[in-house]
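Heads up: the structure comes next, in structure tokens.
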Amino acid sequence: MYLGVDAGNSKTVALASLASGEIVGAGRAGCGDIYGVRDPADAVAAVLGSVDAALSQAGATRWTVSAAAFRLAGVDWPEDGEYWDRALREHWPALTQRSIANDGYAALRCGEPSGIGVSVVAGTAAAIAGRGPDGAMWDMGWWSQHAMGALGLMTEALRAVYLAELEAGPPTRLTSALLEFYGVPSVAELNHRFNRREGRPTQADRTRGARVVTATAMAGDPVASDIVDEQGRRLSLYAQIAARKVGLLDRPEPISVVLSGSVLMAPSSPVAAALLAHLGERLPTAVASPATLPPVAGATLDALAEGGVALSPDVVGRLAGTVPPPEFLKT
């Protein structure tokens with residue numbers, strides 16, 4: 001059995017695969033980010049809960065796992081990886097073939113089976129990672145100096161609405177759109193909703209408004225359009241940095257850039273369009289493609305490859321044909 005795990009703030013998903021590539025078990029749990037929970041042990045419980053659910057569905061146990069790839073949000077510093085290594089040794093001492101890395105790496109094989117290239121994930125937040133031909137790896141982690149993904153869209157949109165209300169910024173249709181979406185009568189109430197001391201909305205409640213930002217941009221609002229364009233510029237900037245950090249800029253070959261995450265994969269995503277426009281300026285040799293598989297499938301391909309399985313077209317195709325339905329993976 002080969003196991004891939006993709007852990008984020010919204011959910012944690014695990015897939016159990018045979019060496020043939022066939023997915024025979026899937027499991028879900030809550031937040032698997034040690035930065036996103038009160039007690040890191042809660043993230044460990046979520047990750048192992050998703051693992052046990054996947055193995056149970058497969059009719060297997062932890063003892064049957066030959067290799068596992070854990071792609072986890074919040075593995076940003078060496079001590080984060082060390083924390084997970086200790087936790088896995090404690091809870092799963094028999095698992096000797098395992099790898100632990102930031103969740104940004106999960107998407108790399110979703111569009112490029114070799115795993116060489118850059119992945120740009122924009123969902124609740126953003127994760128960007130690169131792997132070079134010599135195995136060099138770099139991920140954005142806390143190096144990001146900009147809010148990106150749905151959180152970034154909403155951060156900038158709320159700022160624009162508040163500034164417009166204070167007559168310190170241009171008027172924008174985001175004001176009426178967000179007031180209607182959140183069901184509040186005024187900008188003052190909107191501000192209070194997100195910034196009061198008690199009873200603040202969850203992160204999920206905040207980020208669900210990102211769809212309003214992109215829709216308002218697509219309707220032609222200049223302020224919303226600028227926010228979306230800036231998101232694309234920022235994502236392309238870090239993609240360029242990742243490519244440079246892992247030595248991809250020194251090669252004549254095209255650079256594979258795999259796009260994934262709810263913000264980029266939404267139908268007619270204006271953020272994806274902005275990213276592609278700026279990416280052409282920063283990485284002229286980039287070949288960008290949407291992920292053809294969910295990130296957890298990329299983690300599973302990592303587990304197979306790291307466990308010695310050759311990722312032939314048959315293996316990749318079999319895995320692609322047996323991944324859980326979108327409803328199971330939906331945030």
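A few points about this structure:
- Percentage relative contact order, the chain, counting C-alpha pairs under 8 Å, at least six apart: 22 percent
- Gain in span if fully extended, L179 to T285, counting 0.36 nm per residue against the direct Cα distance: 33.9 nm
- Of the residues G123, P325, Y2, the one whose Cα sits farthest towards the positive end of the charge dipole of the chain is P325 (charges of +1 on Lys and Arg Cβ, -1 on Asp and Glu Cβ, taken about the Cα centre).
- Taking region 89-129 and a reference point 7 angstrom along Cα→Cβ of H146, the backbone N atoms nearer than 16 Å belong to 120-123, 125-129.
- Across all directions, the average projected area of the convex hull around the alpha carbons of region 104-176 is 6.3 nm².
- The chain - charge dipole about Cα centre, Lys and Arg +1 at Cβ, Asp and Glu -1, debye rounded to 20: 260 debye
- Enclosed volume per residue, in Å³, of the convex hull spanned by Cα atoms of region 73-149: 109 Å³
- In a simple Cβ point-charge model (Lys, Arg +1; Asp, Glu -1; nothing else charged), region 119-216 has a dipole of about 180 debye relative to its Cα centre.
- Amide N of region 253-276 lying under 13 Å from the label point, which is placed 7 angstrom from the Cα of R211 along Cα→Cβ: 262-263, 266-267
- N191-T292 pseudo-label distance in nm [points 7 Å out on the Cα-to-Cβ vector]: 5.1 nm
- Restricting region 209-296 to trypsin sites (Lys or Arg not before Pro) that sit in a DSSP loop and have at most 12 other Cβ atoms within 10 Å of their own Cβ leaves nothing.
- Region 112-153, relative contact order [Cα under 8 Å, separation at least 6], %: 35 percent
- 0 to 90° range, to nearest 10: angle between helix 149-165 axis and the chain longest Cα axis: 10 degrees
- Residue with peak Gaussian network fluctuation, the chain [Cα springs, cutoff 10 Å], from G27, G321, G115: G321
- Basic side chains Lys and Arg get +1 at the Cβ, acidic Asp and Glu get -1 at the Cβ, and with that the dipole of region 224-331 about its Cα centre reaches some 100 debye.
- Here the convex hull built on the C-alpha positions of region 178-331 has a volume of 174 cubic angstrom per residue.
- Applying the Kirkwood pairwise sum to the alpha-carbon positions of region 240-331 produces a hydrodynamic radius of 15.2 angstrom.
- √(5λ) per eigenvalue of the Cα gyration tensor, region 1-46, largest first, Å: 25, 8, 7
- Here region 19-158 has an Rg and Dmax of 16.0, 49 Å, counting Cα atoms alone.
- Spin-label model, D250/M265: points 7 Å from Cα along the beta carbon direction are separated by 3.4 nm.
- Over all distinct Cα-Cα pairs of region 167-263, the Kirkwood formula returns a hydrodynamic radius of 16.2 Å.
- Helix-only mean residue ellipticity at 222 nm for the chain, each DSSP H run of n ≥ 4 adding -39500 (n - 2.57), per residue, nearest 500: -14000 deg cm²/dmol
- Förster-model FRET efficiency, 41 Å R0, R159 and A320, C-beta, rounded to 0.05: 0.50
- Among the GluC sites (Glu not before Pro) in region 145-186, those located in a DSSP loop and surrounded by at most 11 other Cβ atoms within 10 Å of their own Cβ are E167.
- Förster radius 25 Å - calculated FRET efficiency between E22 and S99 (Cβ-Cβ, nearest 0.05): 0.70
- Stretchable slack from T64 to D134, in nm (0.36 nm times residue separation minus alpha-carbon distance): 22.1 nm
- In this label model, K330 and L166 are separated by 3.9 nm, measuring between points 7 Å along each Cα→Cβ vector.
- Listed residues A274, A16, A239, most fluctuating in the chain (Gaussian network, C-alpha, under 10 Å): A274
- Fraction of alpha-carbon pairs over 25 Å apart in the chain - percent: 52 percent
- For region 51-112, fraction of C-alpha pairs farther apart than 19 Å, in %: 39 percent
- For the chain, DSSP calls about 50 percent of its internal beta bridges antiparallel.
- Alpha-carbon Rg with Dmax, taken over region 95-134, Å: 11.1, 32
Here, each number is a calculation from the coordinates, and none is a lab measurement. Values in this document were obtained by computation on a predicted structure and should not be read as measured data. Neighbour counts are summed over all protein chains in view; Cβ atoms, including those assigned to glycine, are modelled from backbone coordinates with ideal geometry.
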